[in-house]
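Have a look at the structure below, then the notes.
The values are calculated or read from the model by the stated rules, or taken from the named source; none is laboratory data. Quantities reported herein were computed from a predicted structural model and do not represent experimental measurements. FYI the Cβ positions are ideal-geometry reconstructions off the backbone, even for glycines, and counts take in every protein chain you see. Side chains included, ligands, DNA and RNA excluded: accessible areas come from the protein's heavy atoms. Shrake-Rupley method; radii C 1.70, N 1.55, O 1.52, S 1.80 Å.
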2 protein chains.
Amino acid sequence: MENLSCNKSFGGWNKQYSHHSQTLNCTMRFAIYLPPQASTGQKVPALYWLSGLTCTDENFMHKAGAQRIAAELGMAIIAPDTSPRGDEVADADGYDLGKGAGFYVNATQAPWNAHYQMYDYVLNELPALVESMFPVNDQRAIAGHSMGGHGALVLALRNPQRFASVSAFSPISNPVNCPWGKKALGAYLGKDTASWADYDASLLMHQASDFVPALVDQGEADDFLAEQLKPDTLGAAARHSGYPLQLNRHEGYDHSYYFIASFIEQHLRFHAAHLGLQP
Amino acid sequence: MENLSCNKSFGGWNKQYSHHSQTLNCTMRFAIYLPPQASTGQKVPALYWLSGLTCTDENFMHKAGAQRIAAELGMAIIAPDTSPRGDEVADADGYDLGKGAGFYVNATQAPWNAHYQMYDYVLNELPALVESMFPVNDQRAIAGHSMGGHGALVLALRNPQRFASVSAFSPISNPVNCPWGKKALGAYLGKDTASWADYDASLLMHQASDFVPALVDQGEADDFLAEQLKPDTLGAAARHSGYPLQLNRHEGYDHSYYFIASFIEQHLRFHAAHLGLQP
């Protein structure tokens with residue numbers, strides 16, 4: 001593991017590392033924010049943040065303003081990249097498939113299955129690495145934006161014992177029924193749509209019986225709201241299963257990091273309460 | 001004037017505009033954050049933010065996290081670009097001269113003098129435009145980072161009646177004595193170093209008698225500290241003239257926006273107190 005950058009931030013440290021991922025079979029970069037409390041010998045709980053299409057490990061750390069609150073709460077933040085990377089990794093034209101668009105699935109179809117195993121990477125390899133190398137414990141929350149909101153919800157819904165809480169901004173809530181999801185799941189998982197259901201937050205939430213407290217925020221002025229995101233479908237699934245989902249809509253906010261920055265504090269305090277921190 | 005973007009942020013609006021600048025003789029872009037209070041019919045005071053080398057109007061708005069505090073205080077923020085722009089504008093190799101490196105001076109030397117008049121643009125044309133087009137009044141503060149910290153200090157020192165307060169992160173405090181300053185001032189103003197003194201915060205502060213409350217923050221782990229920034233020279237100048245300068249040093253912090261984000265709240269509250277807002 002190689003340290004690529006190190007910047008003091010709100011009394012803690014914002015760092016980037018590269019490492020060889022066995023799961024993804026390539027070199028990956030991730031970012032981690034270690035709050036001041038992590039410098040005192042204690043292990044701190046962690047929020048894993050999954051970014052959206054075209055993003056890297058940097059967007060959230062640069063733009064969300066989350067470090068201020070993480071420093072107050074004593075929470076680490078880990079931001080992986082959004083796909084495998086490198087010259088040997090398959091790619092496609094367009095921003096919504098291939099590099100920068102891993103969709104947090106385990107691909108089964110060639111050529112994608114050689115590297116695109118982001119579900120396993122985020123669920124297993126990355127937390128194991130982080131918890132072995134940093135003063136971070138196994139109290140985990142997970143959150144994300146858009147494609148990353150989809151990833152966070154799917155990971156928490158399928159692994160309720162692994163996450164104390166989950167939240168999302170503007171998630172792709174029903175990918176089996178939207179253009180982004182159909183394109184990506186069709187490529188990564190193949191034409192048999194039965195296999196897609198394992199990666200659809202609305203379908204998973206509809207049938208859930210083991211719950212993770214969930215918070216979703218959605219802007220009403222989001223250009224992708226009706227066609228790609230479909231939060232109403234997620235809300236209906238939660239009502240069906242009795243899922244503890246708090247779904248908030250916000251007039252005037254769009255799909256950008258300006259929206260995320262405006263409400264990230266509430267998300268971190270929500271996770272803090274479920275991670276045993278003083279929110 | 002053309003509106004290029006509009007994003008809701010902390011209940012207010014973050015917008016970008018392009019306009020033809022008569023002063024710079026080219027099309028310029030700037031960003032403005034209008035807090036929620038500006039939507040109620042009242043005019044709000046404004047902080048003008050000057051960015052550093054290689055930046056545009058976007059860096060501060062994306063990375064500093066200032067909108068949260070501006071929204072609470074009721075303060076507009078205006079971020080101009082860092083140089084004239086366009087194919088017709090002279091440029092140079094390297095990041096520290098030409099486009100992205102206007103140094104907030106009025107160039108006197110060809111080819112620079114055809115467009116590089118950033119001092120007049122920031123002092124006169126931009127505030128006049130903003131105050132005529134937006135609910136922003138003429139209560140102005142000014143701040144900046146690195147090259148922009150230099151620009152903010154120089155503008156306030158030379159125009160104490162125009163600014164209620166001034167602040168800077170990691171400013172180029174004595175450009176007549178550092179490589180960045182010598183290169184830029186030599187190109188824009190010519191070899192006669194006597195003309196450079198009008199753009200040197202330390203020289204101006206040393207002889208100042210009309211004061212603007214000033215706040216400067218400097219990271220101790222800043223790679224540019226000793227060679228380019230020279231805050232001690234500014235501190236000595238303030239002691240000589242009795243200038244009301246608060247100069248803070250911060251262990252471990254570097255030259256990046258992680259540093260700015262960590263302390264921007266104190267800067268906005270400092271300006272608020274001098275702009276007649278409730279800090």
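Taking the criterion of being within 15 Å of residue B:141 (Cα to Cα) and open to solvent by 10 Å² or more (accessible area, probe 1.4 Å), the only residue of segment B:65-79 that qualifies is B:73.
Scan A:261, A:272 and give me the residue that is of a type in the set (Gly, Ala, Ser), closer than 22 Å to residue A:60 by Cα and within 14 Å of chain B (Cβ to nearest Cβ). Give the derivation first.
Working: A:272 fails: within 14 Å of chain B (Cβ to nearest Cβ).
On inspection, the qualifying residue turns out to be A:261.
No other residue among B:235, B:252 is over 24 Å from residue B:140 (Cβ atoms) and within 14 Å of chain A (Cβ to nearest Cβ) apart from B:252.
Results for (1) touching a His at 6+ places or on another chain (Cβ under 7 Å); (2) of a type in the set (A, V, I, L, M); (3) within 30 Å of residue B:71 (Cβ to Cβ), shown as yes or no for each residue.
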residue: B:210; (1), (2), (3): no, no, no
residue: B:216; (1), (2), (3): no, yes, yes
residue: B:229; (1), (2), (3): no, yes, no
residue: B:234; (1), (2), (3): no, yes, no
residue: B:254; (1), (2), (3): no, no, yes
residue: B:265; (1), (2), (3): no, no, yes
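Taking segment B:80-137 as the range and being surrounded by 24 or more Cβ atoms within 10 Å (Cβ to Cβ) and touching a His at 6+ places or on another chain (Cβ under 6 Å) as the test, only B:84 passes.
If you go through segment B:156-180 and keep only what is under 10 Å from residue B:230 (Cβ atoms), under 16 Å from the mean Cα position of the chain (by Cα) and of a type outside the set (A, V, I, L, M, F, W, C), you end up with B:171, B:173, B:174, B:175.
Is it true that residue B:279 is open to solvent by 10 Å² or more (accessible area, probe 1.4 Å) and either of a type outside the set (D, E, K, R) or in contact with a Leu (Cβ under 8 Å, 6 or more places away or on another chain) (or both)? Break it down into steps so the answer makes sense when it comes.
Numbers: open to solvent by 10 Å² or more (accessible area, probe 1.4 Å): yes; either of a type outside the set (D, E, K, R) or in contact with a Leu (Cβ under 8 Å, 6 or more places away or on another chain) (or both): yes.
For residue B:279, the condition - open to solvent by 10 Å² or more (accessible area, probe 1.4 Å) and either of a type outside the set (D, E, K, R) or in contact with a Leu (Cβ under 8 Å, 6 or more places away or on another chain) (or both) - is met.
Among the residues of segment A:206-256, the one identified as closer than 18 Å to residue A:181 by Cα, polar (S, T, N, Q) and open to solvent by 40 Å² or more (accessible area, probe 1.4 Å) is A:233.
Between B:87, B:120, which is more than 30 Å from residue A:260 (Cα to Cα) and in a loop (DSSP other than H, G, I, E, B)?
B:87
Within the set A:223, A:210, the sole residue that is within 14 Å of another protein chain (Cβ to nearest Cβ) and more than 20 Å from residue A:74 (Cα to Cα) turns out to be A:223. Look at (1) in contact with a Leu (Cβ under 7 Å, 6 or more places away or on another chain); (2) open to solvent by 40 Å² or more (accessible area, probe 1.4 Å) and you find that residue A:197 fails only one, number (2). Being among the basic types (Lys, Arg), open to solvent by 10 Å² or more (accessible area, probe 1.4 Å) and under 14 Å from the mean Cα position of the chain (by Cα) is a description that applies to residue B:140.
Among the residues of segment A:69-104, write down those that are touching a Gly at 6+ places or on another chain (Cβ under 6 Å) and within 14 Å of chain B (Cβ to nearest Cβ). It would help to see each step written out before you state the result.
Filtering segment A:69-104 for residues touching a Gly at 6+ places or on another chain (Cβ under 6 Å) gives A:71, A:82-83, A:91-92, A:104.
If the condition is that a residue be touching a Gly at 6+ places or on another chain (Cβ under 6 Å) and within 14 Å of chain B (Cβ to nearest Cβ), then A:71 is the only one that fits.
Taking (1) touching a Leu at 6+ places or on another chain (Cβ under 7 Å); (2) more than 15 Å from residue B:7 (Cα to Cα); (3) within 12 Å of chain A (Cβ to nearest Cβ) in turn, residue B:66 satisfies each apart from (2).
Of the numbered criteria (1) within 19 Å of residue B:80 (Cα to Cα); (2) open to solvent by 20 Å² or more (accessible area, probe 1.4 Å); (3) not charged (D, E, K, R), the one residue B:160 fails is (1). Scan segment B:140-163 for residues that are more than 19 Å from residue B:32 (Cα to Cα) and touching a strand residue (DSSP E or B) at 6+ places or on another chain (Cβ under 6 Å) and the total you get is 3.
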